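Below is one structure; the comments refer to it alone.
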Amino acid sequence: MSGDGEELLPVVVTPRLRLRCWRPSDAAALSANMTPKVSRWLSSWPDPTPPELARQRIVEARAGVSEGWHVSYAIERLSDDLVIGGFGGGAKDQRLRVEIGYHLAEGAHGQGYMMEAAQAGLSAVWSQLPAAETIEAQAHPDNAASRAILSKLGMRFVGERPVFASARGVWEPGCWYELARPD
């Protein structure tokens, strides 16, 4: 595995943000970002998310990046280098259809950061996973902000189907969206 500071993915810079590969040293920031208002929308992130679990997830994501089936970015605010979220996607077993996911720290909500990061992140997923033909994502029906982002990204709503929320051990409703690779 690469060293903590080594970038496994190209760094992407937007007007206000930097997207860079997660590093194990980001575990405390990732853990702190997983407040109840954030993790309630995420099917696999428990509340609370201990730093040890955050570090384990980062190490696993970096392994997927190294193996070429995953893209995983920390989202840093350029003004203060604070990690305010994450964006990533991939599919270990099915590389033609990949699922993306993202989160944004509670203190960064309502400022347009996620849309800015998601546009850049979506482009990076297409670039880094050239076999992908379709990108899909799901959001809880009550998560209007996330559903709006998916629509603004050009993703098409394809229906509702349950999602197993491993963080809570229950099945929850999910609104699914997809986007075909642009020509």
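The values are calculated or read from the model by the stated rules, or taken from the named source; none is laboratory data. Keep in mind that what you see is a predicted model, and the values were worked out from it rather than measured. Glycine also receives a Cβ, built like all others from the backbone with ideal geometry; neighbour counts cover every protein chain displayed. Just the protein is used for accessible areas: all its heavy atoms, side chains included, with ligands, DNA and RNA removed. Shrake-Rupley method; radii C 1.70, N 1.55, O 1.52, S 1.80 Å.
In sequence order, what are the phi-derived ³J(HN,Hα) couplings for the range 27-33 according to the Karplus relation 6.51 cos²θ - 1.76 cosθ + 1.60 with θ = phi - 60°, rounded to whole Hz, with x for glycine and proline?
4, 5, 5, 4, 4, 5, 6
Among DSSP beta bridges whose residues both lie in the chain, state the antiparallel percentage, nearest 5.
For the chain, the DSSP antiparallel bridge percentage is about 90.
Calculate the dipole size of the chain relative to its Cα centre from +1 charges on Lys and Arg beta carbons and -1 charges on Asp and Glu beta carbons; express the result in debye to the nearest 20.
So the dipole magnitude of the chain works out to roughly 220 debye.
Taking the alpha-carbon centroid of each part, what is the distance from the range 136-183 to the range 13-65 in angstrom?
The range 136-183 and the range 13-65 have Cα centres spaced 19 Å from each other.
Hey, any idea what % of the chain's accessible area is carbon plus sulfur with a 1.4 Å probe?
53 percent
Heavy-atom accessible area per residue, the range 81-183, 1.4 Å probe: how many Å²?
In whole numbers, the range 81-183 has 49 Å² accessible per residue.
Counting only GluC sites (Glu not before Pro) that sit in a DSSP loop (anything but H, G, I, E, B) with at most 15 other Cβ atoms within 10 Å, what is the longest stretch of the chain containing none of them?
8-132
How large is the Kirkwood hydrodynamic radius of the range 1-98, in angstrom, based on all distinct alpha carbon pairs?
By the Kirkwood definition, the hydrodynamic radius is 13.9 Å.
Name all residues of the range 87-112 having a backbone nitrogen under 20 Å from the label point set 7 Å from the Cα of residue 131 along its Cα→Cβ direction, giving them as ranges.
Residues 88-101 qualify, since their backbone N sits under 20 Å from the label point.
Provide, for q = 0.14, 0.17, 0.20, 0.22 Å⁻¹, the log10 of I(q)/I(0) from a solvent-free Debye sum over equal Cα point scatterers in the range 62-157.
-0.51, -0.75, -1.01, -1.17
Per residue of the range 161-178, in order, report the coupling 6.51 cos²θ - 1.76 cosθ + 1.60 (Karplus, θ = phi - 60°) as ³J(HN,Hα) in whole Hz, putting x for Gly and Pro.
For the range 161-178, the Karplus-derived couplings read 7, x, 10, 7, 8, 4, 5, 10, x, 9, 8, 10, x, x, 9, 9, 10, 8 Hz, x marking Gly and Pro.
Work out Dmax and Rg for the chain from the C-alpha atoms and quote the Rg first, both in angstrom.
Computed over the Cα atoms of the chain, radius of gyration and Dmax are 15.2, 42 Å.
Positive end of the dipole of the chain, charges at C-beta (+1 Lys, Arg; -1 Asp, Glu), about the Cα centre: which of 71, 179, 30 has its Cα farthest in that direction?
About the Cα centre, the residue reaching furthest to the positive side is 179.
If contacts are Cα pairs under 8 angstrom and at least 6 residues apart, what is the relative contact order of the chain in percent?
20 percent
Let me have the 222 nm mean residue ellipticity of the chain computed from DSSP H runs of 4+ only, each contributing -39500 (n - 2.57), with the sum over all residues rounded to the nearest 500.
Roughly -8500 deg cm²/dmol at 222 nm, from the helical runs in the chain.
Mind listing the long-range amide H neighbours of residue 40? Cut-off is under 5 Å, sequence gap 5 or more, other chains count too, H placed in the peptide plane at 1.01 Å from N.
none
When the chain is treated as a GNM, springs tying every alpha-carbon pair under 10 Å, which of 82, 129, 150 comes out with the largest mean-square fluctuation?
Most flexible of the set in this elastic network: 82.
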